[in-house]
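The values are calculated or read from the model by the stated rules, or taken from the named source; none is laboratory data. These figures come from a predicted structure and were not determined experimentally. For neighbour counting, all protein chains shown are included, and Cβ atoms are generated from backbone atoms with ideal geometry for every residue, glycine included. These area figures cover heavy atoms from the full protein model, side chains too; ligands, DNA and RNA do not enter into them. Shrake-Rupley method; radii C 1.70, N 1.55, O 1.52, S 1.80 Å.
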Amino acid sequence: MGHTMSTQEAAARLLVRTLEAEGVEYVFGIPGEENIHFVNALNDSSIRYILVRHEQGAAFMAEIYGRLTGRAGVASATLGPGAINLQLGVADATTNSTPVVAISAQVGLDRIYKESHQIIDLVSLFRPITKWAELAPRAQALPEMVRKAFKTAQTERPGAVYLAIPEDVESAKVDPGLAPLPVNTVRPQEPSPSQIARAADVLALARRPIVLAGHGATRAGASGALVYFSERLGLPVATTFNGKGIFPDDHRNALGAVGFMRHDYVNFGFDEADVLIAVGYELQEFDPVKVNPAADKKIIHIHQFPAEVDDHYPVEVGVQGDISRSLHALADSVHRRFDLPSTGRRIREMLREELAEGATEDGHPLSPRRVVADIRAAMGREDIVLADTGAVKMWMARMYPTYEPNTLLVSNGLSSMGFAVPGAIAAKLARPDRRVLAATGDGAFLMNSQELETAVRENIPITVLIWDDSAYGLIGWKMDLELGASSHIAFGNPDFVKYAESFGATGHRVESAAELLPTLRKALAEDTVSVVTVPVDYSHNLRLTDKLGDLTDPF
């Protein structure tokens, strides 16, 4: 060997330097015996290691960090069970088009080829849920492989990647001259003028176009361009649940969000449309059959990459490139304004009426509408709410008005339960100037409630609002709707106030409807880890779906 041991550095230190070169601020994880050198090397770096209580929490933290910053969040685990525990959050990130780099240990190359303790083929396990998954075969490969991991995670349609680092690779010695690769930022290209012209031709003949904006528009920072496009052409704009906030709900052209289980008010705007302009929309966010049931609408697909194939999403014109530049170019190429249908105004009025009615409902347990109305009253326009999967997501995504991108976060790609509490921790780290609220059902809360300890220990102030009905409420809703009765959904809960206090957090119990808003405001102002529990009356669920099921023409 050309270098003595004293002039060499550990591969673990090289790995840390490659992460620093990528601009990594946080690594979320749990150490294991096989990656102690990596965790130790982080002590002498600019990166803050956030020790979590379950690897699933680490993956959800990395996902929400990636979603809010556009830079890949990093989750770290040991081999075997630790790596497997990362998988739900990794799959959630890929299906939600969010950049994540998951790194785990693996057994040494000296025994990976034979039956041995803790060996499992992790790369094969991660391949179907990532954009790229690979094992580092030697320490010298780390600069190239880490650069590829971040580039793959962050470009085109973002997603998760996975890198396995064998124990003997992590502890190997490398030449200290081995350096991280330079980071090259890929810029989205200009849209094709011929595709813009084709899209303009479709709009020139359109009778009643409608815009559907998705998560990709949020990632691309296209809010300003979308407002310009809508105002210039006089077009109504609906969003997916994941796209909420990309178009302000108090704008006169706003229709609200589509994604509810029944034909909701917003769907009527699509019923009338002959041309659908999809902006940053991805099919896993919301099934296109719900807005194009007869597959007869002409579709203009505006995104940074081509659309997926679906028989209810026949793309007439695909405009690939920077979304903001595409919207500006198309707006400037269409020489007409459309008459904004009265549908949008009526939809906004109906949703506003629902929220206003909800704010006056004073029953106990509380109506879901009252909880949504009070959350909106307590939060600022730029504050962040994470609505966990369950009935809470349906009520929040449907009714909660949003005015800025990424101010209501849901999982609509995989719809994983349990992401909101760990996700809130990452949201506060990514946006320390915003107040952060995790709105979660009691079922989802107890899936990752152990991360309250992480938030308390790391001094990351978040507020958790538990919608308490002692059941898996969304499943009960679906059973009642389709089967006429529900079963096997009820469970018992701990005393959530004592539970929160046992972690060193603050606990609050809402005993009446009038107490919710002041309690929320108090908890948010405490600048600590707070848990608020509120009993919710989900008999309102069926009343809502019955009402929407009876809708034929609300206008």
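Remarks
- Rounded percent of accessible protein surface that carbon and sulfur make up, the chain, 1.4 Å probe: 51
- Each peptide in 407-420, 53-66, 511-524 receives the mean, over its residues, of other Cβ atoms within 10 Å, and ordering these scores from highest gives 53-66, 407-420, 511-524.
- Here the dipole of the chain is about 1180 debye; that uses its Cα centre as origin and unit charges on the Cβ of Lys and Arg (positive) and Asp and Glu (negative).
- Shape call, the stretch 193-344: gyration tensor on alpha carbons, a/c limit 1.5: rounded
- Over the stretch 361-548: Rg over Rh, Cα atoms, Kirkwood Rh: 0.94
- Quotient of Cα Rg and 2.2 N^0.38 Å for the stretch 146-242, N being how many residues it contains: 1.72
- When each of the peptides 527-537, 375-385 is scored by the mean number of other C-beta atoms lying within 10 Å of its residues, the order from highest to lowest reads 527-537, 375-385.
- With all protein chains modelled, accessible area of Arg71 [1.4 Å, Å²]: 90
- Listed values (i) 40, 31, 19; (ii) 42, 38, 24; (iii) 58, 40, 17, entry calculated as semi-axes √(5λ) of the Cα gyration tensor in Å: (i)
- Accessible surface area normalised per residue over the chain is 38 Å², counting heavy atoms of protein chains with a 1.4 Å rolling probe.
- In the chain, the longest principal axis of the Cα atoms and the axis of helix 11-21 are about 40 degrees apart.
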